[in-house]
1. What is the sum of charges, Lys and Arg at +1 and Asp and Glu at -1, for the other residues whose Cβ falls under 15 Å from the Cβ of B:ARG79?
2. Cut-off 20 Å, label point 7 angstrom out along Cα-to-Cβ of B:ALA32: give me the residues of region B:82-113 whose amide nitrogen falls inside.
3. Which is farthest toward the positive dipole end of region A:39-143 among A:LEU98, A:ASN130, A:LEU65, measuring Cα position about the Cα centre, with Cβ charges +1 (Lys, Arg) and -1 (Asp, Glu)?
4. How high is the relative contact order of region A:48-143, in percent, counting Cα pairs under 8 Å that sit 6 or more residues apart?
5. log10 I(q)/I(0), Debye, Cα-only the protein assembly as shown, no solvent, q = 0.15 Å⁻¹?
6. How shielded is B:69-76 by partner chains, expressed as the average number of their Cβ atoms within 10 Å of its Cβ atoms?
7. Size of the dipole of region A:64-141 about the Cα centre, Lys and Arg at +1 and Asp and Glu at -1 on the beta carbon, nothing else charged, in debye to 20?
8. Take every residue in peptide B:106-118, count the Cβ atoms of other chains within 10 Å of its Cβ, and give the average of those counts.
Protein chains: 2
Amino acid sequence: MKDEQQVFADFCTARKLKNSTRRNKVIEKFLAVEKHISALELYNELRKDGTAIGYSTVYRTLKLLAESGLAREVNFGNRETHFEHKFQHPHHDHLVCLVCGQTIEFKSPRLEKLQLQIARKNKFKPQAHNLVIYGQCAKCYRL
Amino acid sequence: MKDEQQVFADFCTARKLKNSTRRNKVIEKFLAVEKHISALELYNELRKDGTAIGYSTVYRTLKLLAESGLAREVNFGNRETHFEHKFQHPHHDHLVCLVCGQTIEFKSPRLEKLQLQIARKNKFKPQAHNLVIYGQCAKCYRL
DNA sequence: TTTGAAATTGACATTCATTTTCAAAATTGG
DNA sequence: CCAATTTTGAAAATGAATGTCAATTTCAAA
């Protein structure tokens, strides 16, 4: 079974990308972080660690990760794009608390099935979907 | 049964908003257009009709419409926010064709039910949701 | 090891939609 | 009509995404 490093290595070969220290740093950090993260956040994390790197490189590398299938871009209604792990991470969707901003991941096989039904009914060939449920998390609606 | 004009009138009273010709124009146009529309598009429509109005006013009025419950903001992954009718328009979601950009609306009572189940399981109080299914419409995947 | 074509980097600029600012104009209660 | 308040819109500010380009790095071939 190919691992994430291997997937990206193959992607680099196919795209004739050279090996790069900075890019490797970004990838390493991205893979080490559990939660979804924005380009700016990842950039700040790297700088905090003392890594000398420019924002552009972080941004471009995240885009590459998305293209290679290792990352998925998600956005929650605001304008900031977040990147989360995709490889061997079955698709999931998010609950977003409107009070504290917390996001909760959930998986729903039923939703996946429903997506197919809806698509079929509309003669549509689905490739991906994005469901965000907005509301209040347990902590926030008890206050 | 209150109609849209009445809903907005009540909203104005509550918010101590004065009556304004420009704003009324925006609302009239928004209510007359069937499909979702962006602030810029609505602005252009109004100008095309010869209405002297600034972009800011259109933008602000659309925001007010959203606050009053007459409009819903939707976005499809790109950066542009669209506004669509909400009042007495049961919630629906969208299929977006990645090839031609066409959007198809659909309603799914099952999805509504599923949202409640998912929320309950996560101790979450849902207020709204947004589902976008990306893929190819019939016209585009047959090519 | 040297070389040079190709890829990478990052500071900076640009784009683009959204949002704010503020002085002038419009509205409205008294 | 008057004064207080709200609205308007041109212009500026914002904020994230994306493009530019000269300097740097990589790497395969010499």
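Since every read-out is calculated from the coordinates, none of them should be taken as a lab result. Keep in mind it's a predicted model, so treat the numbers as computed, not measured. Note: ideal-geometry Cβ built from the backbone for every residue, glycine included; neighbour counts use all protein chains shown.
1. -4
2. B:83-87, by backbone N distance to the label point.
3. Farthest towards the positive pole: A:ASN130.
4. That works out to 22 percent.
5. Values returned for q = 0.15 Å⁻¹ are -1.27.
6. Across the residues of B:69-76, the mean count of other-chain Cβ atoms within 10 Å is 1.
7. Dipole size: approximately 480 debye.
8. Partner-chain Cβ atoms within 10 Å, mean over residues of B:106-118: 4.
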